[in-house]
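Asker: Just dropping this structure here.
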Amino acid sequence: MARNDGVDRTSVRNLAVSDKAVGNTQQHNEREKDSYRNPDIIPQRTAWNIHFKKPTASYTDLFSQLETAGTISTRGLKPDATHYCELVFDVNSAYFDNHGGYEFAKQFYADAYQAAVQIV
C-alpha cells in the first residue's frame, strides 16, 4: 500500500478462496500458525486483533452449519464452484498514524465492517 508519496490509499477486494485453501486462510486470519512469511505480521500484537464476528468453529464447519440450517444452499452449483470469499480492506498504516492511531483504526474497520454487512 505504501508508495511514500504522501497520498493515503485504501483498497478493498473480494478474494476468492478455494475449498482446498480455506484451512490455510483460517490459520492465517485467526493467527493459528507458528510463523508467517509476511513481515507485517507481528505475533506479539495478536492480542490487538479485533473480531467483528468471532468464529465459533472452523470455517468449513461453519459453512456446513449454514448449509444444514438452510441459510445457504449449494444446490445447482458446479463441482468446482467457489464456496468461500474473503473481503480484504487494505489501508496504509500512515493513514491511521496520522489520524489517531489504533483507536482511529478500530473505528475505521468497525465502520467498514458495518458498511459491508449492509451491502451484502
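The values are calculated or read from the model by the stated rules, or taken from the named source; none is laboratory data. A quick note: this is a predicted structure, and the numbers were derived from the prediction, not measured. Heads up, the Cβs are rebuilt from the backbone with ideal geometry, glycines too, and the neighbour counts pull from every protein chain shown.
Asker: Among the helices (runs of 4 or more DSSP H) confined wholly to region 24-120, which include 3 or more residues that are more than 17 Å from residue 10 (Cα to Cα)? Walk me through how you get there before you give the answer.
Answerer: Values: elements: 59-68, 93-98, 101-119.
Correct list: 59-68, 101-119.
Asker: Considering only residues that are of a type in the set (Val, Ile, Thr) and more than 30 Å from residue 94 (Cα to Cα), look in region 31-66 and name the one that is surrounded by the fewest Cβ atoms within 10 Å (Cβ to Cβ). Full working, then the answer.
Answerer: Keep residues of region 31-66 that are of a type in the set (Val, Ile, Thr), which gives 41-42, 46, 50, 56, 60.
Those still in the list that are more than 30 Å from residue 94 (Cα to Cα) too: 56, 60.
Working: 56: 8, 60: 14.
The selected residue is 56.
Asker: Let me ask something else. Name the one entry in 49, 14 that is under 20 Å from the mean Cα position of the chain (by Cα) and free of Cβ contacts under 8 Å to residues at least 40 places away in the same chain. Give the derivation first.
Answerer: Values: 14 fails: free of Cβ contacts under 8 Å to residues at least 40 places away in the same chain.
Going through 49, 14 in turn, the sole match is 49.
Asker: Further, regarding this structure: Among (1) touching a residue at least 24 places away in the same chain (Cβ under 8 Å); (2) surrounded by fewer than 13 Cβ atoms within 10 Å (Cβ to Cβ), where does residue 101 come up short?
Answerer: All conditions are met except number (1).
Asker: Six or more apart or on different chains, Cβ atoms under 6 Å: show the pairs whose first residue is in region 58-84 and farther than 15 Å from residue 17 by Cβ and aliphatic (A, V, I, L, M) and whose second is in a helix (DSSP H, G or I) and at pLDDT 95 or above.
Answerer: 72/66
Asker: From (1) out of contact with any Ser or Thr (no Cβ under 9 Å at 6 or more places or on another chain); (2) modelled with pLDDT of 85 or more; (3) closer than 22 Å to residue 115 by Cα, pick out the condition that doesn't hold for residue 61.
Answerer: (3)
Asker: Modelled with pLDDT of 90 or more and surrounded by 12 or more Cβ atoms within 10 Å (Cβ to Cβ): does that describe residue 94?
Answerer: Details: modelled with pLDDT of 90 or more: no; surrounded by 12 or more Cβ atoms within 10 Å (Cβ to Cβ): yes.
Criteria not met by residue 94.
Asker: Let me spell it out: the conditions are (1) out of contact with any Asp or Glu (no Cβ under 7 Å at 6 or more places or on another chain); (2) surrounded by 13 or more Cβ atoms within 10 Å (Cβ to Cβ), and residue 69 meets all of them except one. Which number is the exception?
Answerer: Just one mismatch for residue 69, condition (2).
Asker: Just to be sure, is residue 28 modelled with pLDDT of 85 or more, surrounded by 10 or more Cβ atoms within 10 Å (Cβ to Cβ), more than 15 Å from the chain's Cα centre (by Cα) and not β-branched (Val, Ile, Thr)? Lay out the reasoning, then the answer.
Answerer: Working: modelled with pLDDT of 85 or more: yes; surrounded by 10 or more Cβ atoms within 10 Å (Cβ to Cβ): yes; more than 15 Å from the chain's Cα centre (by Cα): no; not β-branched (Val, Ile, Thr): yes.
When the stated conditions are applied, residue 28 does not pass them.
Asker: Scan region 32-46 and report the pairs whose first residue is of a type in the set (Phe, Trp, Tyr) and whose second residue is surrounded by 10 or more Cβ atoms within 10 Å (Cβ to Cβ) and in a helix (DSSP H, G or I), with Cβ atoms within less than 9 Å and a gap of 6+ or a chain change.
Answerer: Final answer for the pair search is 36/28; 36/43.
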